[in-house]
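Each reported figure results from applying straightforward, stated rules to the coordinates on display, with no laboratory input. These numbers were taken from a predicted model, which means no experiment stands behind them. Backbone-built Cβ (ideal geometry, glycine too); neighbour counts: all protein chains shown.
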Amino acid sequence: METKYNPDYSIHPGDYLAEVLESRAMSQSEFAQRTGLATKTINHILSGKSSFSTDVALIFERTLGISANIWIGLLENYHLFHARKEERKKLNYSSYEKWLKQFPLKDLTKLGLIRKTKVTAERVEDLMRFLNIASPDAWKQVDNNQLAYYRKNSNFKDTNQATAVWLHLAKRLAERQLTHVEFSKENLERNLSQIRKLTIETQDIAIARLNKICFDLGLKLVLLPEFKDTHLSGAAFWAQSSPIVALSLRHKRNDHFWFSFFHEVGHILKHGKKSIFLDSLEGTASDITIEEEEANQFASQQLIAESDWDSFKMNFQFSDDLVQSFAKKIEIHPGIIVGRLQREGLLPYSRLNELKEKWEIEQKEIQL
């Protein structure tokens with residue numbers, strides 16, 4: 001979070017005027033004569049009883065040689081300082097402590113999006129700026145609308161404030177990707193085989209190349225650490241004419257990353273622009289909707305062709321050498337094969353995990 005200088009005091013233009021007049025040994029009456037203003041007007045400005053207009057600021061500029069911008073700036077800063085002071089009094093209400101506790105403050109602090117502070121007013125102010133709202137009360141309306149939208153359009157049941165904040169941040173990060181390419185489903189489909197080849201690369205190389213391919217296609221890819229209590233592996237949605245795929249690398253393994261990526265791409269290619277898909281990639285068969293099943297099948301088939309998979313799984317016993325040999329043959333990372341074997345119940349989750357790679361999203365500060 002960008003730190004800005006906010007002094008705990010403010011100078012009224014009248015105080016500054018008094019210093020200038022004293023330094024020039026000029027009385028109020030003389031200054032009034034030189035400006036053409038009433039002595040009473042000058043006295044009220046000096047005492048802080050009244051403000052002044054831009055016309056008076058121009059008069060001060062001509063009379064004292066001090067820019068009108070300085071006089072107007074002093075006056076605006078003074079009013080803003082006291083308005084902020086009054087607002088902070090309101091934001092210290094104990095009711096906002098309860099409001100704050102709904103949000104993943106530790107996650108936001110780690111990312112530098114809110115300050116590390118125990119002062120209620122500062123925490124509320126930072127959170128409001130991040131959420132783009134004018135007051136905590138305004139969030140109630142925004143949140144109610146969002147929850148209604150999620151429940152209507154998403155198959156993900158575990159929505160909460162942490163989920164809403166994670167999605168909000170994903171959207172804001174996507175907005176910063178100023179691609180001028182018009183997205184085309186056909187172009188994305190033509191590049192899927194090229195993206196699949198990245199599965200054999202290390203994380204740094206794969207992510208860098210994947211980001212470039214997606215950017216060049218007009219697909220906005222956002223990688224964002226999982227927030228506590230979200231249980232999100234990824235999300236797919238549209239903002240205006242741009243599709244967005246957001247991934248959390250929740251399980252910190254390359255096989256899960258690639259399945260999640262192709263799963264979300266499946267939503268983008270197969271399902272409506274007005275829907276939002278929040279995915280944990282977990283749950284029983286009875287929990288999986290038609291859209292989720294379609295996205296699962298799409299991801300599986302993009303990574304491993306069904307004919308290759310049917311032939312391979314006939315082995316029934318799966319060793320390290322067998323998996324690596326098959327991976328080399330179809331040019332894919334062996335960890336992805338292990339992941340699919342485990343998901344389909346053909347291999348215990350305790351076996352061959354050494355063939356997977358550990359991938360993580362770096363927890364670094366985000367500048368918005």
Given the options ILE330, TYR349, LEU278, identify the residue whose Cα lies farthest towards the positive end of the charge dipole of the chain (+1 on Cβ of Lys, Arg; -1 on Cβ of Asp, Glu).
LEU278
Using just the helices of the chain, give the 222 nm mean residue ellipticity in deg cm²/dmol: DSSP H runs with n ≥ 4 each add -39,500 (n - 2.57), and the total is spread over all residues, rounded to 500.
-17500 deg cm²/dmol
By DSSP, what percent of the beta bridges with both residues in the chain are antiparallel, rounded to the nearest 5?
70
Using a/c under 1.5 as the rounded threshold, could you call region 313-360 rounded, prolate or oblate? The axes a ≥ b ≥ c are square roots of the C-alpha gyration tensor eigenvalues, and prolate needs a/b larger than b/c, oblate otherwise.
oblate
From the residues TYR78, SER53, LEU91, which one has its Cα farthest along the dipole of region 13-91 in the positive direction, the dipole being from +1 and -1 charges on Cβ of Lys/Arg and Asp/Glu about the Cα centre?
LEU91
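How big is the dipole moment of the chain about its Cα centre under a simple scheme where the beta carbon of each Lys and Arg is +1, that of each Asp and Glu is -1, and everything else is neutral? Debye, nearest 20, please.
Numbers: 50 positive and 49 negative charges, 151 e Å.
Dipole size: approximately 720 debye.
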Mind telling me which of LEU37, LEU100, LEU188 comes out most flexible in a GNM of the chain, alpha-carbon contacts under 10 Å?
LEU37
Karplus 3J(HN,Hα) series, Hz, for region 336-342 with 6.51 cos²θ - 1.76 cosθ + 1.60 (x for Gly, Pro):
5, 5, 4, x, 5, 4, 5
Can you put MET26, MET128 in order of Cβ neighbours within 10 angstrom, beginning with the fewest?
MET26, MET128
